[in-house]
Each structure stands twice: as C-alpha cells, then as structure tokens.
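First the structure, in the form of structure tokens, and then the observations on it.
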Amino acid sequence: MATAARTATRLDTAEHELRRAFLAEVEGIPGGRRISRCLQCGTCTGSCPVSYAMDLSPRELIARFRAGDVRSILASRTIWLCASCYACTVRCPAGIKVTDIVYALKRMALARGVRPARYPTFAVAESFVHQVETHGRNNEPRFMLGFFRRAGFRRALGVAPMALRLLLKGRIGLKASRIRAVADLRKIMRRAARMEVRVEHDLAGGTAPVGYGVVGARPPRPMPAAAARVPR
Amino acid sequence: MRYTYFPGCSLESTSRGYDRSLRAVFRLLGHELEELEDWNCCGSTAYMSVAETMALAVCARNLALAERQGEGRPLIAPCSACYSVLSKTDRFLREQPELKARVDEALAEARLAYHGTVTIRHPLDVLVNDVGLEAIAARATRSLAGLKVAPYYGCQIVRPERGFDDREAPVALDRLLGRLGATVVDYPMKVRCCGGMLMTTADAVGLELCYELLRCAAAAGAEVVATTCPLCHINLEAYQGAINRRFGAKLRLPVAFFTQLVGLALGAGEEELGLDRLLVPFAPALAEAAHV
Ligand code: SF4
Ligand code: SF4
C-alpha cells in the first residue's frame with residue numbers, strides 16, 4: 001500500500017469514515033452481517049469467471065476490509081470488473097452476499113467520484129439513469145450514445161459495424177418509448193434519493209478499528225445527514 | 001390462464017424477436033399475456049450500482065402497478081435482468097422493513113402502494129412448470145428432431161436465490177427443448193456468465209467470456225444456442241464478428257431465444273417469431289411432428 005491507512009490500533013480519518021460507510025452499506029443488505037464469518041477460503045475467487053482479470057480477488061476484498069483498508073478496494077479495478085453473476089454468492093460456504101457487497105462498494109466508489117477511464121461503469125450508470133429519468137424507459141441506442149459521450153467516442157468505433165447491422169435488421173430505432181406517468185416516476189425517484197442517507201453504526205466508542213468486531217456490535221442508530229457524508 | 005406481462009426495454013428494440021416469439025408461443029398455447037400498463041424500466045444492474053433505495057423504488061413502482069392491474073396474477077418478466085431485479089426488490093422489501101418503509105414513502109408520492117402480493121415469474125418457469133411439457137408437446141405441429149441445441153441459462157434466472165431450478169445444473173430448458181424433439185448437447189458452461197455489461201465497459205474481458213462460451217458450445221456439436229435473456233443474446237450473437245476478429249476464430253453459431261425454438265415447434269412462422277431479424281441466420285428444416 002502506498003499510504004498506510006492505519007497504524008497498529010488506529011485508522012486514519014479517511015479510512016475510518018470509509019469503514020463506517022461500508023458497514024452502513026452492509027447493514028442494508030439482507031444477511032449482510034454474515035461478512036463477519038468469512039473463512040478466507042477463496043471459493044468466491046475460484047468461482048468467479050472474471051477473477052483472472054482482477055487486481056484484487058473477491059476473497060481479497062474481504063481481507064482488505066478486515067485489515068482496515070477499504071481505500072485500496074475503492075481504488076481497485078475489481079469492483080468494476082464484477083459482472084454481478086452471483087457465482088460467488090451461491091457457492092460461498094459462509095453464506096456471504098459477495099455480489100451485493102461488491103454492489104455496495106461500487107456505490108461507495110461512484111458516490112466518491114471514482115471514475116476510472118479504463119472501466120467506465122460510471123458512464124453506464126449515468127447514461128442509464130439519464131434515460132430512465134427522461135423517458136421512464138431505456139432506449140438502447142440513446143443509452144449507448146450517452147455512454148460514448150461520457151466514456152469517449154473512441155469506444156464507438158468497435159461497435160459501429162454491429163450497430164449498423166442491427167439497424168438494418170430493424171432491431172434498433174432512435175425513437176424513445178416514453179411512459180405516460182414520467183412525472184410520477186420522477187417524484188418517486190426524487191423522494192427515494194432524499195432517503196438514501198443510511199442508518200449508520202457509531203464506531204467511535206471503543207470498537208476495534210479493524211477485524212469484524214463492529215458488525216452488529218450494537219444496535220443501529222440513525223445519524224444526522226451531515227455526519228454521514230464521508231470525505232473523499 | 002392470463003398473466004401480466006412486463007416486456008422490459010430490450011424487448012422493445014434489440015430483442016424484438018423475443019417479445020414477438022413469446023407472445024406467439026403463449027397465444028398458440030391458449031394463454032394470455034396482458035402487458036403491464038405504463039411499466040417503467042426496471043433499472044437493471046445500473047441503478048443498484050448508484051443508489052439502493054432509488055433502485056428499489058423504481059422497481060417497486062412496477063410491482064405496485066402489477067398488483068393493481070393483475071389482481072393476484074403472476075407477473076412474467078422474460079429479460080433475466082428485469083426478472084432478477086424485480087425479484088430482488090420484492091425480496092428486499094419483505095426482508096428489510098426499514099427499506100420497505102422508505103420505498104413506501106417514495107411510492108406514496110405517486111399515490112401508489114405495494115403490499116407484496118406479486119409473484120415474479122420467468123416465462124421458462126411458467127412454460128415448464130405451469131403449462132407443462134406434455135401440454136406443449138401436444139400442441140406441437142413440428143418436431144425439433146435432428147436439431148442440436150446448446151441450452152444457455154446465463155446467470156440471473158438461476159442465481160442468486162434458489163428459484164425454479166437448480167443453481168449449478170438447471171434442467172428446465174434442457175427438458176423443454178428435449179421434449180420437443182431437439183438433441184440437447186451437453187456442455188459445461190450453461191450457467192457460466194456471458195459478462196453482461198462488461199462487453200460495454202471492459203470489452204477485452206467480455207469478448208473473452210463469450211468466446212469461451214461459444215467455442216465450448218460449438219465444440220460440443222451445437223448448431224444453435226438457445227438463450228433466455230436479451231443481454232446474453234446480444235453478447236453472444238451480435239459480437240461474434242468482433243470475437244472472430246480478436247481471437248482469429250471462425251465462429252458462426254446462430255443464437256436464438258428459446259421461445260423462438262418453441263414457437264417453431266408450435267408451427268409459427270419465421271417472421272412471426274422474429275427469426276428473420278437474427279444477425280447469424282437460423283432457418284432449420286423441420287419435419288412435421290409425429291404425434292402418438
Ligand atoms: S467464499 Fe465466502 S467464506 Fe470463502 S473467501 Fe469468499 S466470501 Fe469468504
Ligand atoms: S458476482 Fe462478481 S465477484 Fe462474484 S463471481 Fe460474479 S463476477 Fe465474480
């Protein structure tokens with residue numbers, strides 16, 4: 001690690017906040033607390049079709065969290081390479097929701113402005129959200145245009161011939177189908193967005209800065225919105 | 001029986017053939033699909049990566065609409081991503097009262113409510129377990145005999161929860177196609193991931209995953225791959241040119257929606273099933289079904 005996120009007993013402030021945010025995310029996953037039972041057996045990594053291309057294996061994600069190093073997870077390419085195939089989740093002998101945990105890590109990274117040019121998941125997410133907010137549905141060609149605008153049009157070169165063939169086969173059209181109640185949908189989304197702030201644990205009161213000890217150590221306590229915001 | 005139908009965005013464009021063939025199959029079997037009125041995009045996996053409450057709320061709107069329109073009828077979702085995300089929303093809302101409360105509040109903005117009574121079903125499940133293999137075979141006018149098919153399930157209809165089939169070695173599609181006369185080839189990658197959106201964000205990885213899959217199916221003797229999901233379909237079918245260029249391969253393996261194959265057996269025409277829209281042509285010569 002380039003920067004030591006912790007000393008033997010203390011996490012630095014940023015890492016402390018990341019850990020707090022991560023644990024809050026874990027609380028939101030049904031069965032999320034089972035993360036404390038990880039055996040480090042590597043079944044997840046062995047089952048993962050993409051682990052060969054990752055820098056941190058799925059097993060190592062959990063090891064890094066345990067070691068008090070969420071920061072390096074958010075900087076890894078692993079979270080962007082996960083295809084959400086759930087192979088790890090169904091095989092984990094400890095019942096850990098590995099895929100949902102990776103989703104949580106993606107959310108944390110996106111929320112903190114991590115936008116790796118090589119793995120533009122952010123561009124997929126932003127373009128998709130824009131489609132749904134505008135039309136209530138996802139028009140695939142418009143989605144792809146929005147994606148290329150954010151991720152770079154260089155990426156369009158490779159798919160242009162294929163897109164043309166799909167067009168000729170009548171499988172793509174630019175006319176967006178739009179729902180009638182798009183205003184209602186926006187209201188739902190706006191309201192949901194305001195409630196996104198999570199119930200978080202208070203980790204300050206003498207809980208171990210590393211390991212799993214804090215998960216479920218005390219009942220969740222709501223936090224004021226301002227305190228829950230985590231610095232980058 | 002009548003089912004509420006959630007087509008999902010892909011079935012309106014790139015996977016129009018899935019929509020057409022699904023409607024044809026249900027009609028030919030004497031079942032009704034009633035489209036969910038004013039359904040919105042399920043949010044797919046993209047929303048889950050951005051904001052959890054919002055992802056659930058966007059989906060919950062569809063569930064609330066289905067509950068109101070469907071009066072206890074199951075909701076059919078043919079796209080694996082829609083199926084998985086709608087099911088996940090339903091499950092999360094049942095298991096996490098705190099999330100449910102937040103989603104209820106959001107839905108109330110549009111004077112909607114969801115009470116958790118909708119069952120989300122994949123059409124493969126409905127065809128095999130509700131309609132039944134025998135009832136389908138009884139209506140077949142053509143046999144798939146001689147056709148070597150690689151059934152491809154992908155990820156999200158069999159995982160993560162134990163749904164209508166085994167998570168490691170599902171058989172529903174094998175049984176359905178086999179009952180209609182097809183030779184179902186045995187290959188070890190029928191639940192292996194196609195890479196999903198990686199084809200867009202990390203194409204080197206996406207192309208490799210699909211190459212491995214197609215190569216494995218072809219080596220097992222498959223003449224066609226049967227898919228259950230629009231994203232799997234486009235990855236495996238439309239990117240074959242890119243795969244061949246990258247790996248110096250000569251793959252030309254048709255990829256069809258499983259409903260297109262079932263539709264053929266039920267006597268539907270190629271156009272009616274959207275088979276004319278495939279990029280890798282697939283037009284098998286089929287014999288008439290010999291009924292006993
Ligand atoms: S399979 Fe489960 S227990 Fe084993 S290393 Fe992965 S997460 Fe930990
Ligand atoms: S869900 Fe993600 S981490 Fe798990 S096996 Fe699939 S690609 Fe790998």
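Here are some notes:
- Residue check, B:Leu133 crowded, with 19+ Cβ neighbours inside 10 Å, in contact with a helix residue (DSSP H, G or I) (Cβ under 8 Å, 6 or more places away or on another chain) and in contact (Cβ under 8 Å) with a residue 24 or more places away in the chain: no
- Test: residue in region B:33-44 that is in a helix (DSSP H, G or I) and over 29 Å from B:Ala138 (Cα atoms): yes
- Some residue of region A:12-26 being surrounded by fewer than 17 Cβ atoms within 10 Å (Cβ to Cβ), assigned to a helix (DSSP H, G or I) and touching a Phe, Trp or Tyr at 6+ places or on another chain (Cβ under 8 Å): no
- Any hit, region A:119-126, residues being within 12 Å of ligand 2 (Cβ to nearest atom) and either charged (D, E, K, R) or within 19 Å of B:Gly43 (Cα to Cα) (or both): no
- On inspection, A:Ile96 fails the criterion of being under 18 Å from the mean Cα position of the chain (by Cα), surrounded by 23 or more Cβ atoms within 10 Å (Cβ to Cβ) and within 28 Å of A:Glu126 (Cβ to Cβ).
- Taken over region A:106-125, residues that are in a loop (DSSP other than H, G, I, E, B) and among the basic types (Lys, Arg) amount to 3.
- Subset tally (residues that are facing another protein chain (nearest Cβ under 9 Å) and more than 16 Å from ligand 2 (Cβ to nearest atom)) for region A:73-118: 3
- Lone qualifier among A:Ala67, A:Ala53 - being more than 19 Å from A:Cys92 (Cβ to Cβ) and within 12 Å of ligand 2 (Cβ to nearest atom): A:Ala53
- The conditions of being under 30 Å from B:Asp166 (Cα atoms) and near ligand 1 (Cβ under 10 Å from one of its atoms) are not met by A:Cys85.
- Picking from residues in region A:73-82 that are part of a loop (DSSP other than H, G, I, E, B) and surrounded by fewer than 23 Cβ atoms within 10 Å (Cβ to Cβ), the one that is farthest from ligand 1 (Cβ to nearest atom) is A:Ala75.
- Residue match in region A:53-72 (condition: more than 14 Å from ligand 1 (Cβ to nearest atom) and within 8 Å of another protein chain (Cβ to nearest Cβ)): yes
The numbers here are math on the coordinates, done by the rules we state, and not lab data. Bear in mind the structure is a predicted one, so any value in this text is a computation, not a measurement. Every residue, glycine among them, receives a Cβ derived from its backbone with ideal geometry; neighbour counts consider all protein chains shown.
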